[in-house]
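S.K.: The following block contains the structure, expressed as structure tokens.
The values are calculated or read from the model by the stated rules, or taken from the named source; none is laboratory data. Only a predicted model underlies this, so the values are computations on that prediction, with no experimental measurement involved. Note: ideal-geometry Cβ built from the backbone for every residue, glycine included; neighbour counts use all protein chains shown.
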Amino acid sequence: MTDPSAALVEDPSPGPPDRVPPSGSSALTLAGGLLRTARPRQWMKNGLVLAAPFAAAKLLSPMESLRLAVVLTLFTACAAAVYLINDARDAEADRAHPVKRRRPVASGQVPVRAAYTAGAVLAVLAPATAVLACNTDTAALLAGYVVMQLAYCVWLKHVLVVDLVIVTGGFLMRAMAGGIALDIDLSRWFLITSGFGALFMVAAKRYSELMLMSSRKNVAASRALLSSYTSGYLRFVWQLAAGVAVLAYCLWAMETGGQPRGLMPWRQLSMIPFTLSVLRYAVFADAGTAGEPEDVVLRDRALVLIALAWGVLYVLAVVNQ
């Protein structure tokens, strides 16, 4: 999910004074600053675009593979547009922040007008390209994503509970994009599992932020709305979401498994690593260390192995169905 305003678990210690580049800075420096503002590290989240075709066990033709790659690129462009516009809008406030002041727009490496322009171009160009390269439904999804995220940056991030829903919706829209682009019917179980799985991670992330900032007695500096939540409420949300996600996945596996042609009920067996992955992630959530989801997953070897086991079982289920 794109969460443009997040400071997350960053080093709060003040760094060296920002160096504002001279007015004649090169185009290469400007391009590098724009790229940094677009947050390449966050682009991994857009891999969820591949989720629907994989969940549907659809074998893609070369043209469908190309279209899926285009959708992945366009969603990345939309996310980058939101980051650019968000940083341009918050430039003045970021300059007063000990960490955010190092961002290219706040430090002066990227002019505010350049960030606005680049963000606006991407926000308009990505949905327009989707009309030609995919279909109007994909274009509408991308446009809706941009509008929703910009509304989040301007207003909705200050609305209690709605901020959780918006960030969760961003993840869900990513998961839906690939299926919509390839005209794949999205099952109710896929949507429920994806939606509540995303809510689980979003609430766990907020809970971790609250625990970290409470220990530093500096909640408001990280996220204005965070102090309005209690640790008990956020814990309730991520526990509820985790339970619903596991239940929905198990119901899907039992309902759609059918009579396997092989010796083993591979689809039903995939419930084991899926449940284990949620339980393992919950360890970090409970400890207050579930910051960025990609960091949690990639830095924990057990989670990676569990994910690989799930992938193997799922592929075996598809092959033997």
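S.K.: Name every residue in the stretch 43-74 that is free of Cβ contacts under 8 Å to residues at least 60 places away in the same chain and either on the phi > 0 side of the Ramachandran plot or touching a Ser or Thr at 6+ places or on another chain (Cβ under 7 Å) (or both), in order of residue number.
M.R.: Correct list: Trp43 only.
S.K.: Go through (1) surrounded by fewer than 20 Cβ atoms within 10 Å (Cβ to Cβ); (2) at pLDDT below 80 and name the single condition Leu240 misses.
M.R.: The number of the failed condition is (2).
S.K.: Oh, and also: Examine the stretch 17-36 for a residue that is assigned to a helix (DSSP H, G or I), modelled with pLDDT of 50 or more and more than 25 Å from Ala120 (Cβ to Cβ), and state whether such a residue exists. Show your work before the answer.
M.R.: Within the stretch 17-36, the first condition is being assigned to a helix (DSSP H, G or I), and the residues that meet it are 27-36.
Still in the list and also modelled with pLDDT of 50 or more: 27-36.
Next cut, more than 25 Å from Ala120 (Cβ to Cβ) only: none.
Within the stretch 17-36, none of the residues are assigned to a helix (DSSP H, G or I), modelled with pLDDT of 50 or more and more than 25 Å from Ala120 (Cβ to Cβ).
S.K.: I would also like to ask the following. Scanning the stretch 262-312 for residues that are in a helix (DSSP H, G or I) and of a type in the set (Ser, Thr, Tyr), which turns out nearest to Arg39 (Cα to Cα)?
M.R.: Within the stretch 262-312, the subset in a helix (DSSP H, G or I) is 266-269, 271-287, 293-299, 301-312.
From what is left, the residues that are of a type in the set (Ser, Thr, Tyr) are 275, 277, 281.
Details: Thr275: 31, Ser277: 27, Tyr281: 24 Å.
Checking each candidate, the answer is Tyr281.
S.K.: Checking Cys153 against (1) touching a Ser or Thr at 6+ places or on another chain (Cβ under 9 Å); (2) of a type outside the set (Val, Ile, Thr); (3) outside any helix (DSSP H, G or I): exactly one of these is not met. Which one?
M.R.: The one condition Cys153 does not meet is (3).
S.K.: Evaluate the stretch 90-97: report whether one residue or more is out of contact with any Leu (no Cβ under 9 Å at 6 or more places or on another chain), outside the structural domain of Tyr314 (by TED's automatic domain parsing), in a helix (DSSP H, G or I) and more than 23 Å from Val167 (Cα to Cα).
M.R.: Initially, the stretch 90-97 is screened for residues out of contact with any Leu (no Cβ under 9 Å at 6 or more places or on another chain), giving 90-97.
From what is left, the residues that are outside the structural domain of Tyr314 (by TED's automatic domain parsing) are 90-97.
When the remaining residues are screened for being in a helix (DSSP H, G or I), the result is 91-95.
Next, only the ones that are more than 23 Å from Val167 (Cα to Cα) stay: 92, 95.
Checking the stretch 90-97: at least one residue is out of contact with any Leu (no Cβ under 9 Å at 6 or more places or on another chain), outside the structural domain of Tyr314 (by TED's automatic domain parsing), in a helix (DSSP H, G or I) and more than 23 Å from Val167 (Cα to Cα).
S.K.: Scan the stretch 107-128 for residues that are touching a helix residue (DSSP H, G or I) at 6+ places or on another chain (Cβ under 6 Å), in a helix (DSSP H, G or I) and either of a type outside the set (A, V, I, L, M) or within 17 Å of Cys78 (Cα to Cα) (or both) and report the count. Explain how you work it out, then say what you get.
M.R.: In the first step, residues of the stretch 107-128 are kept if they are touching a helix residue (DSSP H, G or I) at 6+ places or on another chain (Cβ under 6 Å); the result is 109-110, 112, 115-116, 118-119, 122-123, 126-127.
Now drop any that are not in a helix (DSSP H, G or I), which leaves 112, 115-116, 118-119, 122-123, 126-127.
So of that shortlist, the ones also either of a type outside the set (A, V, I, L, M) or within 17 Å of Cys78 (Cα to Cα) (or both) come out as 115-116, 118-119, 122-123, 126-127.
Residues that pass the stated criteria total 8.
S.K.: Okay, moving on. Answer yes or no as to whether Ala143 is free of Cβ contacts under 8 Å to residues at least 40 places away in the same chain, over 18 Å from Gly47 (Cα atoms) and buried (at least 18 other Cβ atoms within 10 Å of the Cβ).
M.R.: Yes; evaluated as a whole, the condition is true for this residue.
S.K.: Residues that are of a type in the set (A, V, I, L, M) and under 28 Å from Phe236 (Cα atoms): does the stretch 128-144 have at least one?
M.R.: As a first pass, look at the stretch 128-144 and keep what is of a type in the set (A, V, I, L, M): 128, 130-133, 139-143.
Add one more test, that the residue is under 28 Å from Phe236 (Cα atoms), and what stays is none.
No - not one qualifying residue is present in the stretch 128-144.
S.K.: Which of the residues belonging to the stretch 44-100 are surrounded by fewer than 21 Cβ atoms within 10 Å (Cβ to Cβ) and acidic (Asp, Glu)?
M.R.: Within the stretch 44-100, Glu64, Asp90, Glu92, Asp94 qualify.
S.K.: Pairs, please: C-beta under 6 Å, at least 6 apart or cross-chain, first residue closer than 14 Å to Thr73 by Cα and assigned by TED's automatic domain parsing to the domain that holds Leu60 and in the stretch 174-188, second assigned to a helix (DSSP H, G or I) and of a type in the set (D, E, K, R)?
M.R.: Sorted first by the residue in the stretch 174-188, then by its partner, the pairs are Ala181/Arg67.
S.K.: Do we find that Leu132 is part of a helix (DSSP H, G or I), in the same structural domain as Ala242 (by TED's automatic domain parsing) and over 21 Å from Leu225 (Cβ atoms) in this structure? If you could, list the steps in order and put the result at the bottom.
M.R.: Working: part of a helix (DSSP H, G or I): yes; in the same structural domain as Ala242 (by TED's automatic domain parsing): no; over 21 Å from Leu225 (Cβ atoms): yes.
No: the conditions fail for Leu132.
S.K.: Let me ask something else. Looking at the stretch 216-237, which of the residues that are assigned to a helix (DSSP H, G or I) and modelled with pLDDT under 90 is farthest from His158 (Cα to Cα)? Reasoning before the result, please.
M.R.: The first filter runs over the stretch 216-237 and keeps only residues assigned to a helix (DSSP H, G or I), leaving 219-222, 226-228, 231-237.
Still in the running and modelled with pLDDT under 90: 219-222, 226-228, 231.
Numbers: Val219: 14, Ala220: 12, Ala221: 14, Ser222: 13, Leu226: 9, Ser227: 11, Ser228: 10, Ser231: 18 Å.
Checked the stretch 216-237; the qualifying residue farthest from His158 (Cα to Cα) is Ser231.
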